[in-house]
1. Kindly indicate which of 283, 266 is modelled with pLDDT of 90 or more, under 9 Å from the mean Cα position of the chain (by Cα) and surrounded by 16 or more Cβ atoms within 10 Å (Cβ to Cβ).
2. Just for the range 269-279: of the residues that are part of a helix (DSSP H, G or I) and under 15 Å from residue 637 (Cβ atoms), which one is modelled with the highest pLDDT?
3. If you go through the range 223-244, how many residues are farther than 18 Å from residue 274 by Cα and surrounded by 21 or more Cβ atoms within 10 Å (Cβ to Cβ)?
4. What number goes with the only condition from (1) over 16 Å from residue 107 (Cβ atoms); (2) modelled with pLDDT under 90; (3) under 25 Å from the mean Cα position of the chain (by Cα); (4) surrounded by 19 or more Cβ atoms within 10 Å (Cβ to Cβ) that residue 36 does not pass?
5. Among 291, 306, 329, which is modelled with pLDDT of 80 or more and buried (at least 16 other Cβ atoms within 10 Å of the Cβ)?
6. Restricting to the range 202-211, give me the number of residues that are in contact with a Ser or Thr (Cβ under 6 Å, 6 or more places away or on another chain) and not hydrophobic (A, V, I, L, M, F, W, C).
7. Quick check on my filter: what residues within the range 119-131 are farther than 19 Å from residue 98 by Cβ and either loosely packed, with under 15 Cβ neighbours inside 10 Å or among the hydrophobic types (A, V, I, L, M, F, W, C) (or both)?
8. If you check residue 315 against the conditions, is it of a type in the set (A, V, I, L, M, F, W, C) and modelled with pLDDT under 85?
Amino acid sequence: MAKIHELSSVLADQIAAGEVVERPASVVKELVENALDAHATQIDVLVLESGVQSIRVIDDGEGIADDDVLTAFKRHATSKITSRADLFRVQSLGFRGEALPSIASVADVVLNTSTGTTGTSIHYRGGKLLKQAPAPLRQGTDITVTDLFFNTPARLKYLKSPQTELANIVDIVNRLALSYPAVAFRLVHNSKELLKTAGRGDLQQVIAGIYGVQNARKMVAIEGTTADYRLSGYVALPELTRASRQYITILINGRAIKNQLLTKAVIKGYGSKLMVGRYPIAVIALEMDPLLVDVNVHPTKQEVRLSKEPELAKLISTTITDRLANVNLIPSALTNLGSHRRERLNTDQLAIDLNAASSQHQTTAQPSMSQVAPSMAAAATEMAAEVSVSAAPEPLSAATPERTPAESQPIMISDARELDNTAVAAFDDRYQAETVDLPFGVATPEKTLAIEPVTKATSTPATAERFPALRYLGQMHGTYLLAEADDGMYILDQHAAQERINYEYYRQAIGEVSTDQQNLLVPIILDYPTSDVLKIKEQLPLLAQLGLKLEAFGGNSFIIHSHPTWFKAGQEEDTIREMIDWVLQDGKLTVAQFREKSAIMMSCKRAIKANHHLDDQQARALLEKLPTCENPFNCPHGRPVTVHFTNTDMEKMFKRIQDNHISQNTH
């Protein structure tokens, strides 16, 4: 009897599903991408129980012809690839032909589709065709996936918590909405609307809908081009950061991808403007010839291979650096004071809403945040990733009234709105009309307020310079300097300020490669274990390029007779050891990298420490030097140098402004 046999089509589809359908979010991704490839302008995603019970995707795209419906559920059946040449110019999201058969092999799938002239309904369960019948003639596709992984319980067992699975779905839909701002997206979970975009082609409005209007106002537009690439998008000001890289979205020809080099390029573009361990919010849209990108290297198509990748990374980093170079980056003191609390509230509210969304539908109103905040700490810790969820953004019209600080906190998921049975029933009915007026909650384009960050450079005509001219007032606790300008009061961290001044001095002083050497009266002898000696010997040529000429001195020792002249007197041995340690740790170290690290190290050691009282002359000298820096806003570690209280902030704190009106009492 032959030992080798051909797998059945159902079993082959189930094996393929292991790569394509990892979790409910994978199903959402594949189905929404099919809708986008069908040129849909409206896509609605309805999810029950984090997608395990039901996933329904409705679009108004081209639909599938009757003759093609059965073929669409066969492996490697696609309308997007016809020849080998097409594989190298892929311009669609789905092209492998694995999504529908893989999903149908591990779930119950009902598809209703129509091209506008004919319609077909088809029912698959576990990869087997159960029914085929005519369908209504509403153009587009309506596909419902239920009982996911019913016949593969092992995969069902390894799903994460309902909150985590829902967070993955929201993240997928968010990124697809950012990729296609001209498409109106709607995400509903257990009859609660979590996301809604207008589909007007305005990326700013989509960002506001996902991350919140207040956060969107702290993002600036970027543009850049080379002969091969075109870059556009939005990046956050350095004051708006998150604890993970997840909020950096890279889009290539409308496809959200993961690429470590490009993500690092975004962070590199900020330089020392970011605090250590903090990352920006960014949406980077890249357009290029499809020949320069290979999207066929991963089953889920989230990872791609790029030609001229270093050139693209350089374009991203330099574009961000240039865009932020002339922007006043002094954060509002009130913003910095409340940022930690707001971020905690964001995580708390997210856990609350996800827990509520994963429970059975309730007709009672959601409790207020103050009522449920004490009970959600445990739920918040279950969130393995930071995911931003939001309902439709608030109106951005110029007539929007000023809000109190509590109202303006950018909660990243708003109170999920209960949809009554009538609204749910009307969900399908609105597709019957030829034109649908979708209320989105944003102003019309001609009345829309641009979401440009309100920097100090644009807030008042008197402060048009990048960094204000500060007048010294005094010192607080030997740590902070108080100063004023025409637009308010400034508080400076004296250590961070001098650290920035020192850093730019040392970076310039040691920035030029020099072969000049200083001979040592007493040679330095360094001892290392055998494992390190072998690595050091391998890197001797690199160390020589850095100006360190190590000679073997018997056993596990090296001797050094000279060092570069720019070494700080008294710190020669410590500097040499740090250079060697960096080489051992990184495996490679360029002159530029080492001198950057050296400048940061020396600037910190030589800066004024806290609790050190300065006289008026020293303080004024510090305030005079700071504006001459290339980046006077952050220390080399990314901490802010100064914060700003505007005149309006001061008037509000002393109740000289009440109820949006200036008090008439001038006493």
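The values are calculated or read from the model by the stated rules, or taken from the named source; none is laboratory data. These numbers come from a predicted model, not from an experiment. Methodologically, a virtual Cβ is constructed for each residue, glycine included, from the backbone with ideal geometry; neighbour enumeration extends over all protein chains shown.
1. 283
2. 270
3. Filtering the range 223-244 for residues farther than 18 Å from residue 274 by Cα gives 223-233.
Right, trim to surrounded by 21 or more Cβ atoms within 10 Å (Cβ to Cβ) and you get 233.
Result for the range 223-244: 1.
4. Status for residue 36: all satisfied but (2).
5. Details: 291 fails: buried (at least 16 other Cβ atoms within 10 Å of the Cβ); 329 fails: modelled with pLDDT of 80 or more.
Result: 306 is the single residue among 291, 306, 329 that is modelled with pLDDT of 80 or more and buried (at least 16 other Cβ atoms within 10 Å of the Cβ).
6. Going through the range 202-211 one residue at a time, the tally reaches 2.
7. Answer for the range 119-131, where residues must be farther than 19 Å from residue 98 by Cβ and either loosely packed, with under 15 Cβ neighbours inside 10 Å or among the hydrophobic types (A, V, I, L, M, F, W, C) (or both): 130, 131.
8. no
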